[in-house]
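Structure first, then comments.
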Amino acid sequence: MKKILITGGAGYIGSHTAVQLVQSGFEPIIIDDLSNSEEKVLDRLEEILGKRLTFYKGDCSDAGLLNQLADEHDLAGVIHFAAFKAVGESTVDPLKYYQNNIGSLMTILAFMKARQIKDLVFSSSCTVYGQPDVLPVTEATPRQDAESPYGNTKKICEDILVDLVKSKPGIRVISLRYFNPIGAHPSGKIGELPIGTPANLVPFVTQTAAGIREKLTVFGDDYDTVDGSCVRDYIHVMDLADAHVKALAYLGEQKENFYDVFNVGTGNGNTVLEVINTFEKVNDLKVNFEVGARRPGDVVKIWADTAKINSVLNWQPNYSLEDSLRDSWNWQKSL
Ligand SMILES: NC(=O)c1ccc[n+]([C@@H]2O[C@H](COP(=O)([O-])OP(=O)(O)OC[C@H]3O[C@@H](n4cnc5c(N)ncnc54)[C@H](O)[C@@H]3O)[C@@H](O)[C@H]2O)c1
């Protein structure tokens with residue numbers, strides 16, 4: 001079984017990817033400093049998988065710890081999820097974001113080079129497209145100035161990867177540009193852990209439905225979209241997890257010094273109001289919401305052209321928006 005280091009593997013996308021990796025015959029080794037997750041995720045993963053995953057508690061910018069880990073495990077690849085991701089916080093404390101998101105990637109790359117670990121899948125984001133002029137966005141759509149320090153860290157990390165691969169270090173890299181991950185494992189045992197006030201729509205919807213939040217505010221209903229609210233491409237986290245497994249398999253077939261980038265979305269855009277209506281319908285609930293003012297910096301509409309990942313990685317989403325919103329609610333109930 002190939003061992004894959006998952007940085008940030010106790011987090012939302014990392015924990016679901018760990019499940020998919022095990023089910024595809026890989027052995028995930030998790031490193032996480034639990035800065036945005038809880039150790040009990042490991043217990044939940046054990047309940048789902050029927051076995052305990054190897055876990056190192058620590059910072060993946062700690063080269064000593066990485067080397068200890070590589071002495072103990074023969075690593076075939078790395079999936080680098082670990083990063084801070086709160087857009088708002090990144091505008092208040094940009095150095096925290098540049099330090100962790102870029103610093104950790106630099107450490108991981110130096111480590112991979114030194115230990116001759118070939119394959120890397122990197123968590124990028126559709127945020128690199130900014131406010132796109134043409135929709136849907138393809139991987140060739142020009143990236144725009146980042147709207148936040150967080151978004152800028154993803155652009156810079158992509159640039160670092162391109163430059164490194166050009167220098168022929170012997171590694172193979174895929175950046176996956178995630179659109180909007182939602183949903184949870186169908187068992188309801190793992191999902192997105194909301195710490196503080198959620199910045200994303202779906203955790204806000206589920207918390208409002210659960211009575212944790214009094215009211216949800218829709219930021220603007222006068223945009224140029226079907227119902228005036230913003231449009232996003234919502235992708236079930238299990239489908240996103242699956243894209244990592246496909247990316248690793250594809251990297252295994254490539255020559256050294258390979259770099260490519262793939263959108264991971266459904267190819268469909270849904271408005272905020274459609275998400276709320278669908279959530280209410282599939283879960284037979286009412287969500288208390290009001291329409292407020294536009295939020296500065298919001299991208300009006302974005303969804304992915306997924307032709308490249310569909311054909312090259314042979315990846316297709318299996319879950320619908322309805323499935324995602326049912327699973328999100330299921331997870332909220334278990335919380
Ligand atoms: N969730 C989204 O909407 C979204 C969208 C696009 C891209 N991404 C990217 O995907 C990745 C995973 O996101 P997520 O939603 O699972 O976030 P998450 O916060 O749930 O998971 C990240 C994990 O990394 C850990 N971590 C952070 N810094 C660390 C460090 N230096 N060393 C060790 N562990 C560290 C955290 O404790 C957390 O468990 C991030 O890189 C994020 O920027 C997320």
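When you look at GLY88, is it under 19 Å from the mean Cα position of the chain (by Cα), more than 10 Å from the ligand (Cβ to nearest atom), outside any helix (DSSP H, G or I) and not hydrophobic (A, V, I, L, M, F, W, C), yes or no? Considered against the rule, which asks whether it is under 19 Å from the mean Cα position of the chain (by Cα), more than 10 Å from the ligand (Cβ to nearest atom), outside any helix (DSSP H, G or I) and not hydrophobic (A, V, I, L, M, F, W, C), GLY88 comes out as no.
Out of ALA184, ALA199, one residue alone is exposed (fewer than 15 other Cβ atoms within 10 Å of the Cβ) and within 15 Å of the chain's Cα centre (by Cα). It is ALA199. Looking at region 227-335, the strands (runs of 3 or more DSSP E) lying wholly inside it that each contain 2 or more residues that are surrounded by 21 or more Cβ atoms within 10 Å (Cβ to Cβ) sit at 234-236, 258-264. Residue check: MET1 meets all listed conditions (1) more than 9 Å from the ligand (Cβ to nearest atom); (2) under 21 Å from PRO181 (Cα atoms); (3) aliphatic (A, V, I, L, M) but one, namely (2). Tell me, please, whether a residue that is within 13 Å of the ligand (Cβ to nearest atom), within 15 Å of the chain's Cα centre (by Cα) and not basic (Lys, Arg) can be found in region 60-68. Looking through region 60-68, none of the residues is within 13 Å of the ligand (Cβ to nearest atom), within 15 Å of the chain's Cα centre (by Cα) and not basic (Lys, Arg).
Would a scan of region 83-92 turn up a residue that is over 22 Å from GLY191 (Cα atoms), out of contact with any Phe, Trp or Tyr (no Cβ under 6 Å at 6 or more places or on another chain), among the β-branched types (Val, Ile, Thr) and open to solvent by 70 Å² or more (accessible area, probe 1.4 Å)? Yes, region 83-92 contains at least one residue that is over 22 Å from GLY191 (Cα atoms), out of contact with any Phe, Trp or Tyr (no Cβ under 6 Å at 6 or more places or on another chain), among the β-branched types (Val, Ile, Thr) and open to solvent by 70 Å² or more (accessible area, probe 1.4 Å). Among the residues of region 12-33, are any within 11 Å of the ligand (Cβ to nearest atom), surrounded by fewer than 20 Cβ atoms within 10 Å (Cβ to Cβ) and within 23 Å of ILE190 (Cβ to Cβ)? No, region 12-33 contains no residue that is within 11 Å of the ligand (Cβ to nearest atom), surrounded by fewer than 20 Cβ atoms within 10 Å (Cβ to Cβ) and within 23 Å of ILE190 (Cβ to Cβ). All conditions in (1) outside any loop (DSSP other than H, G, I, E, B); (2) buried (at least 18 other Cβ atoms within 10 Å of the Cβ); (3) away from the ligand (no atom under 11 Å from the Cβ) hold for THR217, with the sole exception of (2). Scanning region 108-126 for residues that are part of a helix (DSSP H, G or I), within 22 Å of SER15 (Cβ to Cβ) and open to solvent by 10 Å² or more (accessible area, probe 1.4 Å) gives a single hit, CYS126.
Within region 189-214, which residues are touching a Lys or Arg at 6+ places or on another chain (Cβ under 7 Å) and assigned to a loop (DSSP other than H, G, I, E, B)?
Answer for region 189-214, where residues must be touching a Lys or Arg at 6+ places or on another chain (Cβ under 7 Å) and assigned to a loop (DSSP other than H, G, I, E, B): LYS189, ILE190.
Here GLU322 does not qualify as under 17 Å from LEU216 (Cβ atoms) and modelled with pLDDT of 95 or more. Can you name the residue in region 95-107 that is hydroxyl-bearing (Ser, Thr, Tyr) and open to solvent by 10 Å² or more (accessible area, probe 1.4 Å) and is also nearest to the ligand (Cβ to nearest atom) among such residues? Per the stated criteria, the residue is THR107.
Comparison of VAL173, VAL162 shows that the only residue that is surrounded by 22 or more Cβ atoms within 10 Å (Cβ to Cβ), farther than 30 Å from ASP327 by Cβ, at pLDDT 95 or above and away from the ligand (no atom under 12 Å from the Cβ) is VAL173. Of all residues in region 12-30, those that are within 16 Å of LEU69 (Cβ to Cβ) have Cβ atoms under 8 Å from Cβ atoms of residues that are of a type in the set (S, T, N, Q), 6 or more apart or on another chain, in GLY14/THR7; GLU27/THR54; PRO28/THR17; PRO28/THR54; ILE29/THR54; ILE30/THR54.
Among the residues of region 69-85, what is the count of those that are more than 23 Å from ASN180 (Cβ to Cβ) and within 9 Å of the ligand (Cβ to nearest atom)?
Residues flagged as more than 23 Å from ASN180 (Cβ to Cβ) and within 9 Å of the ligand (Cβ to nearest atom) within region 69-85 amount to 0.
The values are calculated or read from the model by the stated rules, or taken from the named source; none is laboratory data. It should be emphasised that the depicted structure is a prediction, and the values quoted were computed from it without experimental measurement. Here the Cβ is made from the backbone with ideal geometry for all residues, glycine too, and neighbour counts use every protein chain on show. Note: accessible area is taken over every heavy atom of the protein model, side chains too, but ligands, DNA and RNA are not part of it. Shrake-Rupley method; radii C 1.70, N 1.55, O 1.52, S 1.80 Å.
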